[in-house]
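Following: one structure in structure tokens, then a few remarks.
The values are calculated or read from the model by the stated rules, or taken from the named source; none is laboratory data. Please read all numbers here as calculations on a predicted model, not as lab measurements. Here the Cβ positions follow ideal geometry from the backbone for every residue, glycine too, while neighbour counts run over all protein chains shown.
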Amino acid sequence: MNKIYEKLSTQKHMLIGTSLIRIAFGLLILYFYFIHYGQRRFLWGPNGMQDHETLTKQLFTTNNFSIYQLNDSLLYFEIIFHIGVVIAFFFTIGFMGRLTAILNFIFIWSLQHANVLILDGGDNVMRIILFYLLFANTTAFFSLDGYRRKQKVSSITLSPSLSNAFHNLAVLASIIQVSFMYLTSGMHKIMGEVWQNGTALYYILQVDEYTHPFFKELVISSDFLLLIGAYGAIFAQITYPFLLFNRYTRYIAIFNIIAMHIGIAIVMGLFTFSATMISIQLVLLKNEEYERAYTAVKRLLSKLRLRKGKQYEVEQIEQV
Amino acid sequence: MLKKIIIIFSIILFSIHFLFTAIYLAPFNPVKAKFGFIINGYMEPLFSQNWRLFAPNPASTNNQFLVRAELANGETTEWINLTSFMIEKNYKNRFTPYNRLVRIQRGAFTALHQKDDITMKLSEKVEEKKLNKEDFDYILDNEMMKEQREDGIDILNRYAQSYVSSLYPGEDIARTQLIVRQTEATPYSEQSNPTFKNKTNIHEFEWREFEKVSPVF
């Protein structure tokens, strides 16, 4: 117990990861707001797909709440929607960290529940992780707050050991959440007949909304690809939580999942879902790993530049 | 000392939270049957989640939504396909609103028949005639489900009417009717059989008075 206590409270882990996931989620949220900007009144407005009264009643019976339900005027809707966009922008750039994070969560929660039919699993898990991350520090890196903090010493309100523990538990919660997600998703696949016999993709790819004519032809034409797709997805999902336990197998878990989601994005066209799931992997890497990767990339780039430079010199000499 | 207590308390809460999450996410089982209402009460709505993505049985039918309108002058339009053009647009470019818009129809239609774990088990048993339908009607056919169904039909009609009014901007539309044509997938074993006919199923909705809904396009 003491060891766990120490580990939780002495320092904040994964600070780069939590900052990166903030930016990735922020950009995805902004994309969501803007790609549907033209249909906003139809999708979430008071006289749109669902009329205001029905929505309010539904939210009430499910003990739910959305700020969009508070007033049925179009003006109110427009104001809330646009405030939501501004908050999402502040969230992305890391301005006024915790306060913005809380507001952003409330606005995203409200938007999602003003129309659940347009959502997918990615929005669902993002909403839950956004909640967990309210307890974490997501503005330590690449943020306006971080930049301002450098300018002047900021006042710390919460005792560091408490804030460290909350931060670390929030990160852990996000990781457990996504592990549970893959584990249940994999388990339910194993329970399905077409997943067992490896023809699941054959059936899914016949559904027009989840396919693309080119990739459908390609995948369905090969029994081998169908098998790799179905069994590969199950394998990647079921093994994910267990591979995370070890320092090195962790990379395999991340690799598997990213490969699976790239496939889902390209073949099935569920790219925002995939982007969300891949973004979550950002929180799995430690600061040292990011730093190592960064220096490795930098070294590689400078090597390339050096070689190019040398080549240039040689060419110059040859020309002379 | 106080800090330590708060942290240890948080760890305990944390563990209970994920214990509940695990039970909530598990397939239907005895613990869920007994304590489901407590677990759901805790998890929903804040931590609501569902990860049966395309499992255990993935969607495999194609739904085409067709709508026709009766204009004020008594004329009835042709059937207008709401689904195909969106799917085409989504094939051409994944980075458009259609990428998500195309999924709404299926979602709303599926929601008409959606049930939770316990209700689903019950209705299976009733269908197998192992249980008496009248005894469980209060769960299987109650007000809340009827309302949910009506809301779903409402959404589909508003969706259709919003589209129809954008197709006939100057016209005075009196009412519209929606049908859903479901085409079942070709079974794997029949894929090279050229004479195979896919099963289709037509779901007809009632005519609905026209309402002015915010335009989708």
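Quick notes on this one:
- Helices (runs of 4 or more DSSP H) completely within region A:209-320 that count 2 or more residues being under 30 Å from B:Gln105 (Cβ atoms) and without any contact (Cβ under 8 Å) to a residue 12 or more places away in the chain: A:213-220
- Condition met for B:Ile155 (of a type outside the set (D, E, K, R) and either without any contact (Cβ under 8 Å) to a residue 40 or more places away in the chain or away from chain A (no Cβ under 14 Å) (or both)): no
- Top-ranked residue in region A:4-39 [being of a type outside the set (Val, Ile, Thr) and part of a loop (DSSP other than H, G, I, E, B); ranked as modelled with the highest pLDDT]: A:His36
- Test: residue in region B:23-44 that is outside any strand (DSSP E or B), farther than 28 Å from B:Thr186 by Cβ, touching a Leu at 6+ places or on another chain (Cβ under 9 Å) and at the interface with another protein chain (Cβ under 9 Å from one of its Cβ atoms): yes
- One residue alone among B:Thr76, B:Thr96 is under 17 Å from B:Trp207 (Cα atoms), without any contact (Cβ under 8 Å) to a residue 60 or more places away in the chain and of a type in the set (Ser, Thr, Tyr), and that residue is B:Thr76.
- Total residues in region A:40-69, condition assigned to a helix (DSSP H, G or I), closer than 28 Å to A:Ile280 by Cα and within 11 Å of another protein chain (Cβ to nearest Cβ): 3
Conditions tested, residue by residue: (1) of a type in the set (D, E, K, R); (2) without any contact (Cβ under 8 Å) to a residue 12 or more places away in the chain.
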| position | (1), (2) |
| --- | --- |
| A:Ile29 | no, no |
| A:Gly38 | no, yes |
| A:Trp44 | no, no |
| A:Gln50 | no, no |
| A:Glu53 | yes, no |
| A:Lys57 | yes, yes |
| A:Phe60 | no, yes |
| A:Gly84 | no, no |
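- Look at (1) of a type outside the set (A, V, I, L, M); (2) closer than 30 Å to A:Leu55 by Cβ; (3) crowded, with 21+ Cβ neighbours inside 10 Å; (4) in contact with a Leu (Cβ under 9 Å, 6 or more places away or on another chain) and you find that A:Thr100 fails only one, number (4).
- Flag set for A:Ser161, criterion: polar (S, T, N, Q), more than 18 Å from the chain's Cα centre (by Cα), within 14 Å of another protein chain (Cβ to nearest Cβ) and not in a loop (DSSP other than H, G, I, E, B).
- Every listed requirement among (1) part of a helix (DSSP H, G or I); (2) more than 10 Å from chain B (Cβ to nearest Cβ); (3) under 30 Å from B:Leu19 (Cα atoms) is met by A:Asn137 save one, (1).
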